[in-house]
1. 222 nm [θ] for the chain, helices only, -39500 (n - 2.57) per DSSP H run of 4+, per residue, to 500?
2. What does the C-alpha gyration tensor say about the overall shape of the range 27-142? Classify as rounded when a/c is under 1.5, otherwise prolate if a/b is larger than b/c, or oblate.
3. Just check the range 9-57 against the gyration tensor rule for me: Cα atoms, a ≥ b ≥ c as the square roots of the eigenvalues, rounded for a/c under 1.5, and otherwise prolate or oblate depending on whether a/b exceeds b/c.
4. Magnitude of the Cβ-charge dipole of the chain, K/R +1 and D/E -1, about the Cα centre, nearest 20 debye?
5. I want the local charge near L36. Using Cβ-Cβ distances under 11 Å, sum +1 for each Lys or Arg and -1 for each Asp or Glu among the other residues.
6. Figure the gain on full extension for E12 and T31 (residue separation times 0.36 nm, minus the Cα-Cα span) and round it to one decimal in nm.
7. Could you calculate the FRET efficiency of T2 with K22 from 1/(1 + (r/R0)^6), where r is the beta carbon distance between them and R0 is 30 Å, rounded to 0.05?
8. Would you tally the net charge around F85, using a Cβ to Cβ cut-off of less than 12 Å, leaving F85 out, and scoring K and R as +1, D and E as -1?
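Please treat every number below as a calculation from the coordinates, not as lab data. Small disclaimer: the values here were computed from a predicted structure and weren't measured. As a convention, Cβ positions derive from the backbone with ideal geometry for all residues, glycine included, and neighbour counts pool all protein chains shown.
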Amino acid sequence: MTDIMDWKDCEEGFIRQVEADKEKIESVIETAEARLKFLKGLQADKNNSSFIVEGYYEVIKELLVALLLSKGLRSKNHQCLISYFYRTYPEYEAEAYLIAQMSYLRNRLDYYGEGIDFLFYEKNKEEFNKIAELLKRLNQEK
């Protein structure tokens with residue numbers, strides 16, 4: 001299981017206070033929604049599933065960025081986005097750990113050229129969509 005970065009480490013080195021910019025938040029959410037719509041239209045197979053998982057991770061990351069921005073916070077790294085989500089919404093622990101796993105696999109793909117197993121996509125594709133919808137709802141609750 002992939003670990004989630006400690007929030008105290010995030011606060012000490014990677015999180016800063018910012019002005020909550022409503023237009024920026026809306027723009028980030030719109031980008032995530034457009035990306036999600038695009039991904040839902042793709043037919044996944046063993047040749048492209050790595051890039052589809054990467055795309056879902058980007059959607060989730062963008063929605064986490066918007067969530068932090070709405071609270072007047074900015075993160076210098078993706079791990080602290082996940083840490084914030086885990087700390088703030090502990091009832092979604094399983095989702096936080098899946099996001100952390102997606103982050104790990106996406107980094108392996110981007111930095112080492114290691115593909116993401118098609119079975120990982122098949123097993124979790126519904127969860128990816130559920131997490132995106134959850135984050136959209138949480139962004140609307142701000």
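1. Result for the chain, helices only: -24500 deg cm²/dmol.
2. prolate
3. Oblate shape, in that a/c is at least 1.5 and b/c is the bigger or equal ratio.
4. 240
5. Charge balance in the 11 Å sphere: -1.
6. Taking E12 through T31 to full extension adds about 3.9 nm, to one decimal.
7. With a Förster radius of 30 Å, E is 0.35.
8. Computed value for this residue: 0.
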